[in-house]
Amino acid sequence: MYETNQFRKGLKIELDGTPYAIVDFQFVSPGKGSAFVRTKIKNLLNGNVIERTFKSGDKVDKPDLENTEFQYLYMDGEHFVFMNTGNYEQMPIDASVVGDSKDFLKENLPVQILFFNGKAISLELPTFVEVLIVETEPGFKGDTATNTLKPAIVETGAKINVPLHVKEGDKIKVDTRDYKYVEKVNK
């Protein structure tokens, strides 16, 4: 159990059988009446953010969450198959849990999978991944305008914008949080 004086950003709590993460909180001590904590919490199952107020001293449950490292293996119909790196057990994960993370899944990519009461609820990719450009328009000699980008498709199927000097066959580093080009990787 957590008390309201233990609240901090990122703390995971359980309300009414649902896991939440505290996005923001504010301790309020009015001149009259008892103190309270105003929070914004994000539902870890569906991503909705709600506001909730707790009286000072209220207690909330700790959720049964487990973050485990897995390695992506392959896609099997509607499921993505991952291997637990601790015990080498394979586990199929539903496409709805994987979500947009599928855009950067490559064989043998290490990922973190969050479980709530033994059921996978979310997948977290590494912040940066290296991918190969499979399709993009060629750059033109002398076309060196600064910060000019062109669309490209990478080996995993994701569409990102890259600088004009990047060409097909180049390996690049991409930020998986916002689909942004970081740098070209030397082979």
Check: Counting only the heavy atoms of the protein chains, how much of Met1 is accessible to a 1.4 Å probe, in Å² to the nearest 10?
Finding: 120 Å²
Checklist line | segment 9-89: GluC sites (Glu not before Pro) falling in loop per DSSP and having at most 13 other Cβ within 10 Å | finding: Glu78, Glu89
Notebook entry, point to check: So how far, in whole Å, is the C-alpha centre of segment 67-133 from the one of segment 149-177?
Noted result: 22 Å
Margin query: What do you get for GluC sites (Glu not before Pro) in segment 101-186 restricted to DSSP loop and a cutoff of at most 12 other Cβ within 10 Å of the site's Cβ?
Written below: Glu107
Item checked: Calculated on alpha-carbon atoms, Rg and Dmax of segment 1-84 in Å -> 17.2, 60
Note to self: Under the rule that an exposed site lies in a DSSP loop and has at most 13 other Cβ atoms within 10 Å, name the longest stretch of the chain with no chymotrypsin sites (Phe, Trp or Tyr not before Pro) of that kind, not counting the sites themselves.
What the structure shows: 1-87
Next item on the list: Give the Rg (one decimal place) followed by the Dmax (whole number) of segment 41-134, computed from C-alpha coordinates and expressed in Å.
Entry: 16.0, 57
Item checked: Sum of -39500 (n - 2.57) over DSSP H runs of 4+, divided by residues of the chain (222 nm, nearest 500) -> -500 deg cm²/dmol
Margin query: 5 Å is the cut-off here: which amide hydrogens, built 1.01 Å from N in the peptide plane, fall below it relative to Leu109, excluding neighbours closer than 5 in sequence?
Written below: Tyr72
Next item on the list: Keeping all protein chains in place, calculate the accessible area per residue for the chain (probe 1.4 angstrom), answer in Å².
Entry: 62 Å²
Next item on the list: Using the structure shown, select from Lys119/Lys184; Lys42/Lys150; Lys32/Lys62; Lys9/Lys55; Lys9/Lys159; Lys9/Lys171 the pairs with a Cα to Cα distance greater than 26 angstrom.
Entry: Lys119/Lys184; Lys42/Lys150; Lys32/Lys62; Lys9/Lys159; Lys9/Lys171
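The values are calculated or read from the model by the stated rules, or taken from the named source; none is laboratory data. Note that the structure is predicted; figures quoted are calculated from it, not measured. Virtual Cβ from ideal backbone geometry, glycine too; neighbours counted across all protein chains shown. Just so you know, the surface numbers come from the protein's heavy atoms only, side chains and all, with ligands and any DNA or RNA stripped out. Shrake-Rupley method; radii C 1.70, N 1.55, O 1.52, S 1.80 Å.
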